Amino acid sequence: MDSFLEEEEDEEAAVGRKRSPAAPAGSTLQPPLHLPFLPVLLHQPASSHENKVNFKKSKEACLSYIQDAMLQKQWKRAAEFLTFYVESLEKDYSREPISPSEMIWRIGTEILCHHSHSSMKEFNCFVEQMKTLGVKRYLKVCLEHVFHLLCNGQIDEAYQNLSLAESWRFGEQTALQDKEMKLIQAYRGLLDYYSWSKQKNVLLERGLDGFADLSVEQEMHSCFRKAAVNLKEIIKIPGVWDLFVKCYVDLLEFYGDHNEARQVLNEYAYNSKFPANPNAHVYLYQFLKRQGESKKSVISALKILHDIVPSHELMIDFNTMLQKSKKRKKRRLGLEVIFAALDYAGWKENVKAWSCLARQVKQIVISEKHLDWIKQEWNSRKDWWPAFHFSRYLAKRNWQENKNLSYEKALVAGILLGKDGKYFKYVSHQGCKAQVKRFRILKKFVNRRNPVYLRISGLSDSSVQP
């Protein structure tokens with residue numbers, strides 16, 4: 001880190017000298033640092049006694065300045081404070097039992113990631129120093145280094161660092177960092193998968209001629225074995241391992257081991273030791289769909305996903321599947337699913353969702369069967385959905401921006417709020433004014449079915465608001 005601090009111009013050095021007070025005559029202390037922009041407090045030399053008493057206070061003040069600089073994205077200033085902080089610790093380390101290596105590592109890493117003069121060479125040098133500075137977090141530093149290399153596209157270098165970290169041994173510290181070691185192995189497996197995937201794509205592009213090249217196929221299979229071993233190990237540990245699970249399942253499916261893939265996904269989704277994870281059920285659903293599994297299995301996976309995340313984008317697929325069922329219970333669930341999805345702001349302008357709801361509501365109204373389903377869903381929403389979905393402002397905006405959306409919403413609004421509801425009234429009027437046939441048909445349908453609205457809302461004719 002010192003290298004880009006030394007790039008300061010003579011003018012900045014002069015400013016530093018001007019801001020720093022002179023040392024007292026005859027002082028045996030080291031001369032004060034001349035870093036630009038350092039507060040006067042941190043430049044003051046002190047006797048050994050004062051240094052010992054005030055060290056903690058000075059350290060906290062310096063850390064506060066570092067934090068302030070980082071929050072303001074003043075990376076150069078933060079680097080100057082950190083250099084001062086490190087040098088101060090070096091002077092006092094023999095007298096104070098302080099081990100600030102993790103703080104230096106984390107702050108230094110953040111600064112180097114953002115500093116305008118920083119380079120990969122500078123970052124690598126700093127990380128290597130941090131590895132030797134704190135063996136208790138050696139593997140954490142290695143992982144951080146690997147992530148930085150990957151973010152900068154240096155995949156081969158990242159793999160080499162993972163291999164070196166995996167072979168690291170340091171007495172009892174190796175056992176104490178067992179979790180980090182498993183992560184090191186898992187990420188090496190991930191990069192082995194990456195190599196396998198690249199080779200697979202090359203072979204697939206070549207077709208039969210590609211697979212005739214035994215050396216390439218053998219190398220690809222070697223990557224598969226190394227990746228599979230490490231990926232399989234990490235996903236046995238309870239946790240969220242989405243990327244590792246997806247890669248491992250892809251390997252298994254490619255080589256036709258569908259039973260193992262199903263077992264892995266079921267374990268990931270249903271094992272109570274693992275945290276609740278919506279993606280686990282998404283991956284299981286996608287696998288079951290690819291394998292052409294029974295609708296019962298697919299619906300079961302989506303039902304749990306609905307319970308965890310009722311606003312998930314797959315709820316439209318779930319609703320569609322349920323509406324095709326001949327079982328009344330599943331069709332009832334379908335209505336509940338689409339109503340629940342539309343409770344969320346992210347779905348307010350989703351045409352597919354409103355089309356699903358409009359279609360099912362229309363079918364129920366025409367048959368006049370199961371009106372109680374609509375009534376039950378509407379009772380818990382009638383106090384807030386009108387303002388949330390069916391205001392005059394939204395009617396005007398939806399009409400201007402998306403005629404299809406305004407049509408589907410107007411049908412639902414007409415049934416739930418009647419022919420005099422603000423949303424339906426505005427959209428149907430604009431549609432008829434524009435002489436759009438489907439809006440004229442919509443208006444006639446809602447007018448004829450207005451008694452249904454009365455039954456859903458529980459109102460009598462005399463109590464309907466104009």
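The values are calculated or read from the model by the stated rules, or taken from the named source; none is laboratory data. No experiment lies behind these values; they were computed from the predicted model shown. Don't worry about glycine lacking a Cβ; one is built from the backbone with ideal geometry, like all the others, and counts go over all protein chains shown. Just so you know, the surface numbers come from the protein's heavy atoms only, side chains and all, with ligands and any DNA or RNA stripped out. Shrake-Rupley method; radii C 1.70, N 1.55, O 1.52, S 1.80 Å.
Within segment 107-129, no residue that is in contact (Cβ under 8 Å) with a residue 60 or more places away in the chain and within 23 Å of LEU164 (Cβ to Cβ) sits with its Cβ atom under 7 Å from a residue that is of a type in the set (Val, Ile, Thr) and open to solvent by less than 70 Å² (accessible area, probe 1.4 Å) at 6+ positions apart or across chains. Selection of segment 374-395 for residues being among the charged types (D, E, K, R) and assigned to a loop (DSSP other than H, G, I, E, B) yields ARG381, LYS382, ASP383. Taking the stated definitions as given, is ALA175 out of contact with any Asp or Glu (no Cβ under 6 Å at 6 or more places or on another chain), modelled with pLDDT of 90 or more and among the small types (Gly, Ala, Ser)? Criteria not met by ALA175. Scanning for something free of Cβ contacts under 8 Å to residues at least 12 places away in the same chain, part of a helix (DSSP H, G or I) and within 19 Å of ARG188 (Cβ to Cβ), does segment 256-277 turn up at least one residue? The answer is no, given that none of the residues of segment 256-277 is free of Cβ contacts under 8 Å to residues at least 12 places away in the same chain, part of a helix (DSSP H, G or I) and within 19 Å of ARG188 (Cβ to Cβ). Name the pairs whose Cβ atoms lie under 8 Å apart, with the first residue in segment 290-319 and without any contact (Cβ under 8 Å) to a residue 60 or more places away in the chain, the second open to solvent by 50 Å² or more (accessible area, probe 1.4 Å) and among the charged types (D, E, K, R), and 6 or more positions between them or separate chains? Qualifying pairs under 8 Å: GLN291/ARG262; VAL298/LYS289; ILE299/LYS330; LEU302/ASP317; ILE316/LYS352; PHE318/LYS303. Of the residues making up segment 146-159, those that are part of a helix (DSSP H, G or I), free of Cβ contacts under 8 Å to residues at least 40 places away in the same chain and within 21 Å of the chain's Cα centre (by Cα) are PHE147, HIS148, LEU149, LEU150, CYS151. Just one of the listed residues (LYS433, LYS362, LYS409) is without any contact (Cβ under 8 Å) to a residue 12 or more places away in the chain and either of a type outside the set (A, V, I, L, M) or open to solvent by less than 10 Å² (accessible area, probe 1.4 Å) (or both), and it is LYS433.
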